[in-house]
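Structure record follows, encoded as structure tokens.
The values are calculated or read from the model by the stated rules, or taken from the named source; none is laboratory data. Keep in mind the model is a prediction, meaning the values are calculated, not measured. Backbone-built Cβ (ideal geometry, glycine too); neighbour counts: all protein chains shown.
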Amino acid sequence: MALDIAEREKWPKLYLYTDSWMVANALWGWLERWKKANWQCRGKSIWAADEWKDIATRVEMLLVKVRHVDAHVPKSRANEEHRNNKQIDYITLPQTSQGKHYVLTMMEATTGWLETYPVPHAIAWNTILGLEKKVVWRHGTPERIESENGTHFKNSLINTWDREHGIEWVHHIPYQAPAAGKVERCNGLLKTTLKAMGGGTFKNWEINLAKDIWLVNT
């Protein structure tokens, strides 16, 4: 029905919320697997194959963003999930003895809650690790991620990961404050506080980072 409405109204994109893991997983990637396997799974025809074939054909013409939600959740929780959008960036700091040279900063766009992940290199794989360890595994999968369009945020590895998780990833022009929003301002505050903690330098920044985040979040 949602596809019917989207096609009739000529929507360029459909945001689909479903409490069915079957539907969510199908649109996250199972459709392609089923199609390549001639609509079979482990040697058996999949359930309702004709309907899935029809859906597969239609989503080729329409961008569908799907997110799984639990059925019958309290309104307060539903509002919290709706706000689950992240702005992310990297800041550069002096290299530590452990080789850490960058910090992935991940801020919840509505509440301003900050998570960080120090890494030796600002690359796509470290971006994914940081998001999984500090965001997805702690707070759940975000609906939307905003970042600048450097290769550590925009490449085939990132594209595959966000598609598999049903995340809308939006890229903006670096250093454009209206687009970057809170995370750009937070980066400046984070570096200023770390420098103050180091007596005017970034000495021991990795040790001081946890306290710095606590100060930002309180």
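Is one or more of the residues making up region 153-168 touching a residue at least 40 places away in the same chain (Cβ under 8 Å), assigned to a helix (DSSP H, G or I) and buried (at least 17 other Cβ atoms within 10 Å of the Cβ)? The answer is no, given that none of the residues of region 153-168 is touching a residue at least 40 places away in the same chain (Cβ under 8 Å), assigned to a helix (DSSP H, G or I) and buried (at least 17 other Cβ atoms within 10 Å of the Cβ).
Select the helices (runs of 4 or more DSSP H) contained entirely in region 20-91, then report the ones holding at least 2 residues which are modelled with pLDDT of 80 or more and over 30 Å from His172 (Cβ atoms).
Values: elements: 21-25, 31-36, 49-59, 75-82.
Helices (runs of 4 or more DSSP H) meeting the threshold: 31-36, 49-59.
Where residues in region 13-46 are free of Cβ contacts under 8 Å to residues at least 12 places away in the same chain and in contact with a Cys (Cβ under 9 Å, 6 or more places away or on another chain), which of them is nearest to Glu164 (Cα to Cα)? Selected residue: Trp30. Taking each residue of region 104-123 that is within 13 Å of Leu209 (Cα to Cα) and in the same structural domain as Leu157 (by TED's automatic domain parsing) and looking for partners that are among the charged types (D, E, K, R) and part of a loop (DSSP other than H, G, I, E, B) with beta-carbon atoms closer than 6 Å, six or more apart or interchain, yields Pro118/Lys100. Within region 176-199, being surrounded by fewer than 16 Cβ atoms within 10 Å (Cβ to Cβ) and at pLDDT 85 or above holds for Gly188, Leu189, Thr192, Ala196, Gly198, Gly199. Within region 130-152, the set of residues being outside any helix (DSSP H, G or I), modelled with pLDDT under 90 and of a type outside the set (S, T, N, Q) comprises Gly140, Pro142, Glu143, Arg144, Glu148, Gly150.
Based on what the data block shows, is Gly140 under 30 Å from Tyr15 (Cβ atoms) and in contact with a Phe, Trp or Tyr (Cβ under 9 Å, 6 or more places away or on another chain)? In short, no. Scanning region 92-118 for residues that are hydrophobic (A, V, I, L, M, F, W, C), at pLDDT 95 or above and surrounded by fewer than 20 Cβ atoms within 10 Å (Cβ to Cβ) returns a single hit, Leu93. Based on what the data block shows, is Thr127 over 14 Å from Leu104 (Cβ atoms) and of a type in the set (S, T, N, Q)? It is false that Thr127 is over 14 Å from Leu104 (Cβ atoms) and of a type in the set (S, T, N, Q). Can you tell me which residues in region 134-150 are under 12 Å from the mean Cα position of the chain (by Cα) and of a type in the set (Lys, Arg)? Across region 134-150, the qualifying residues are Lys134, Arg144. Restricting region 124-152 to residues that are touching a helix residue (DSSP H, G or I) at 6+ places or on another chain (Cβ under 8 Å) and loosely packed, with under 15 Cβ neighbours inside 10 Å, the residue that is farthest from Asp212 (Cα to Cα) is Thr151.
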